[in-house]
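Presented below is the structure to which this report refers.
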Amino acid sequence: MKTVIITGANRGIGLALSEYFVAQGANVIAVCRNRSQALSNLGVEIVSGIDVTNESDLKTLQAYVKDIRIDVLICNAGILHDEQFGRLNFDTIRRQFEVNTIAPLQIVELLERQLGQHSKVALITSRMGSITDNTSGGRYGYRMSKAALNAAGMSLSHDLAPRKIAVGIYHPGYVQTDMVGQRGNISARESASCLGELINGLTLAQTGEFRHANGQILPW
C-alpha cells in the first residue's frame, strides 16, 4: 500500500485529494491546522495543529513520519490575498510567500529522507504564477509567490532526479473552493480526480513540467 501525504487536507482541493487517494487504496496522511468533520469521516491518519510556516510544527510532522516511506508528497496548502497597485499590502504579500513558496520547499527538504526511488512530489501551484499568462495584472502576492514556487519546483526536479524522484508542478484549474468564494468552473472533486491521474502517471520523463489539471503544459 502506498503512502500519500497531503498538506492543507481539511477542506477544498486537499480534502478532495484525500478522498481520491483513499478510494485508490492508499494510506493517506492528512496534514492540516484544524481537522474538519469531513476529513475525520474519511478515516485517514490526521496530523493536525500543523502551521506550515511554523518550524516547530514542521519538526513535529517530520518526527511523525520519520519511520514511514513516502510514496507521494503533495504540497497543497496555500493562501490567496488580493493586492492591487496603488493600495499594496506588503504584509499579505510576505505572508503569501511564507505559505505558498517557502513552506512547500521546507516541507520537501524536511521529508526528503522519507522519499525513496520512484517517489513523487506534487506541488499545487497556479496558472497565476505564469508570467506569460499574466494579461490582467494585480494579485501581486499570489502571482509572485506562485511564480517563485514554480521556480522552486523546477530546481527540485533537477536536484531530486538523481534519486529517481519525480516532481510535478500542477495548476488545479479554477476550482470552486472557499479560497475563491466558491466561484470557479469545476468542483474540487473533479479537479482532484484530474490531478490524481496526473500524479499517478508522473514519471521522470515529465519531471519539472508545469501542467494544468487537464494535462495541458502551461507556459512559464
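Please tell me if ALA152 is at pLDDT 95 or above and farther than 24 Å from GLU55 by Cα.
Numbers: at pLDDT 95 or above: yes; farther than 24 Å from GLU55 by Cα: no.
So ALA152 fails the test.
Is at least one residue of segment 1-13 in contact with a Gly (Cβ under 9 Å, 6 or more places away or on another chain), of a type in the set (S, T, N, Q), crowded, with 23+ Cβ neighbours inside 10 Å and outside any loop (DSSP other than H, G, I, E, B)? The answer is yes; a qualifying residue exists. Comparison of GLN84, GLN62 shows that the only residue that is at pLDDT below 95, polar (S, T, N, Q) and either crowded, with 17+ Cβ neighbours inside 10 Å or farther than 19 Å from ALA148 by Cβ (or both) is GLN84. With respect to ALA122, determine if the residue is within 18 Å of ASN100 (Cα to Cα), within 13 Å of the chain's Cα centre (by Cα) and at pLDDT 95 or above. Considered against the rule, which asks whether it is within 18 Å of ASN100 (Cα to Cα), within 13 Å of the chain's Cα centre (by Cα) and at pLDDT 95 or above, ALA122 comes out as yes. Every condition in (1) more than 17 Å from the chain's Cα centre (by Cα); (2) of a type in the set (Gly, Ala, Ser); (3) surrounded by 14 or more Cβ atoms within 10 Å (Cβ to Cβ) is met by ALA188 except one, and the failing one is (1). Per this entry, ASP51 is counted among residues that are touching a Lys or Arg at 6+ places or on another chain (Cβ under 6 Å) and farther than 23 Å from GLY196 by Cα.
Selection of segment 196-220 for residues being free of Cβ contacts under 8 Å to residues at least 24 places away in the same chain and of a type in the set (S, T, N, Q) yields only GLN216.
The values are calculated or read from the model by the stated rules, or taken from the named source; none is laboratory data. Predicted, not measured: the structure shown is a model, and the values here were computed from it. Glycine gets a Cβ as well: all are built from the backbone with ideal geometry, and neighbour counts include every protein chain shown.
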